[in-house]
Amino acid sequence: MKLLEWLKEEVERGSFPGVVAGVVKDGEVVFREAVGRMDPKGTPMRPEAVFRVYSMTKPWTSVLALSFVEEGRLSLMDPVELYFPAFRPQVAVEEGEGFRLEPPRRPVLVYDLLRHTSGLTYGVFFRSPVKKLYLEAGVDLLNQSREEFLEALFRLPLRFQPGSTFEYGLSTDLLGHLLEEIAGEDLESLMRKRLFAPLGMKDSGFTAFPDRLAQPFPQDPETQAPIRLIPPSPKAGRHSGGAGGFSTLDDYLRFAEMLRTRRGPVSPALLDYLQQDHLGPLYPGVLERGEEYTPGPGYTFGLGVAVRKEAGLSPGHPGEVNWAGLAGTYFFADPKAGLSAVLLVQAPSLLSVARPDGVYFSRLGQKMWHRFRTLVYAAYAA
């Protein structure tokens, strides 16, 4: 089956209202299609539609942070408390249904925020006594102001000792607010000047015009759970560097191509550094906790992206990077194959992240991203 046929089939099957996808091969756009509808009401999908990219915001924030490192305004070895003196968390040691607190063996570093070894977590995705606290505090949500978020986060314990393990969570959100603290500007303004404008990403940011915003079905077609996504504009003062972004196909292809070619607003050396393995000897311990806690078979983690090391569940080469968003968006960049590709849908089945125990039984979820990769490589990798 060809890529376009598959996209049409999924729309006709009712997996999602519509989709846009694009592929760049050796610097040239070889596939750019919009299929289906912008929303369940029937507006035709447009190639320039805007999508909530959720965690695909994280690579943006990582590149932005490295621009501060390159200028000497930030060091990866800086303790976070240097910028936020109120951030002096204890570490929770989970024991059954509860936990005890112990002091951190070292401060949380900026480097920990970039590679998710800070000990900060999310309340969603799996269950634990500490995650329950995060859920109750509402820090996963984007309905708080910046000050409310930071105050709530600083009251919570870390789930692990800083630097000890990979735990996907709110590290990038805190990193974004730390960059705001350094610059005295909000994250959207920093992104626009330092990343979006240099790359020509004219439709990306933390707000979106509702008439161009792709919308999901009211209910997930697989789980029947109600779908509620972030609104077109955040609560004043709170730009989530980990999940609050909006973007378009053309814009995110530009960003993916920057990663592939190492040409962008920061030096090639730093863009290469972002895409290296930053877990190293920590990775075996991460694997022991279970496959769901990793970026997937064949991968390790860089600074905001999954980094391919060996064979995985779909085609690719060592050095390829990718990441996905909660509402179904996905990208990858493979220098060896000369490929960058982006898939944008709005809320197919979220079973793979909302109910990890059911990931292998989900018709969509992560399987959709693997199918996309397989068809792209089949058509364009030669």
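Listing for the model above:
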read-out	value
Test for residue 223: is it touching a residue at least 40 places away in the same chain (Cβ under 8 Å), out of contact with any Lys or Arg (no Cβ under 8 Å at 6 or more places or on another chain) and farther than 19 Å from residue 176 by Cα	no
Matching strands (runs of 3 or more DSSP E) fully within the stretch 3-102 where at least 1 residues are out of contact with any strand residue (DSSP E or B) (no Cβ under 7 Å at 6 or more places or on another chain)	28-36, 51-54, 91-95, 98-102
Only one of 200, 138 that is exposed (fewer than 15 other Cβ atoms within 10 Å of the Cβ), under 23 Å from residue 252 (Cα atoms) and out of contact with any Ser or Thr (no Cβ under 8 Å at 6 or more places or on another chain)	200
Within the stretch 264-275, tally of residues that are out of contact with any strand residue (DSSP E or B) (no Cβ under 7 Å at 6 or more places or on another chain) and either assigned to a loop (DSSP other than H, G, I, E, B) or in contact (Cβ under 8 Å) with a residue 12 or more places away in the chain (or both)	8
Residue 360 vs. criteria in the same structural domain as residue 63 (by TED's automatic domain parsing) and touching a strand residue (DSSP E or B) at 6+ places or on another chain (Cβ under 7 Å)	no
Count of residues meeting criterion [in contact with a Leu (Cβ under 9 Å, 6 or more places away or on another chain), assigned to a loop (DSSP other than H, G, I, E, B) and under 27 Å from residue 299 (Cα atoms)] in the stretch 128-142	1
Residues being in contact with a helix residue (DSSP H, G or I) (Cβ under 6 Å, 6 or more places away or on another chain) and either of a type in the set (Asp, Glu) or surrounded by 13 or more Cβ atoms within 10 Å (Cβ to Cβ) (or both) - total across the stretch 71-87	5
Lone unmet requirement of (1) surrounded by fewer than 24 Cβ atoms within 10 Å (Cβ to Cβ); (2) in contact with a Gly (Cβ under 8 Å, 6 or more places away or on another chain) for residue 240	(1)
Where residue 167 falls short, out of the listed (1) of a type in the set (D, E, K, R); (2) surrounded by 15 or more Cβ atoms within 10 Å (Cβ to Cβ); (3) out of contact with any strand residue (DSSP E or B) (no Cβ under 8 Å at 6 or more places or on another chain); (4) not in a loop (DSSP other than H, G, I, E, B)	(4)
Filtered residue count, the stretch 133-180, keeping only those that are touching a Gly at 6+ places or on another chain (Cβ under 7 Å) and over 23 Å from residue 230 (Cβ atoms)	6
The stretch 228-255, residues that are more than 13 Å from residue 54 (Cβ to Cβ), assigned to a loop (DSSP other than H, G, I, E, B) and hydrophobic (A, V, I, L, M, F, W, C)	236
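The values are calculated or read from the model by the stated rules, or taken from the named source; none is laboratory data. Computed from a prediction, not measured in an experiment: that's the story for all the values here. In this analysis, Cβ positions are derived from the backbone assuming ideal geometry, glycine residues included, and neighbour counts consider all displayed protein chains.
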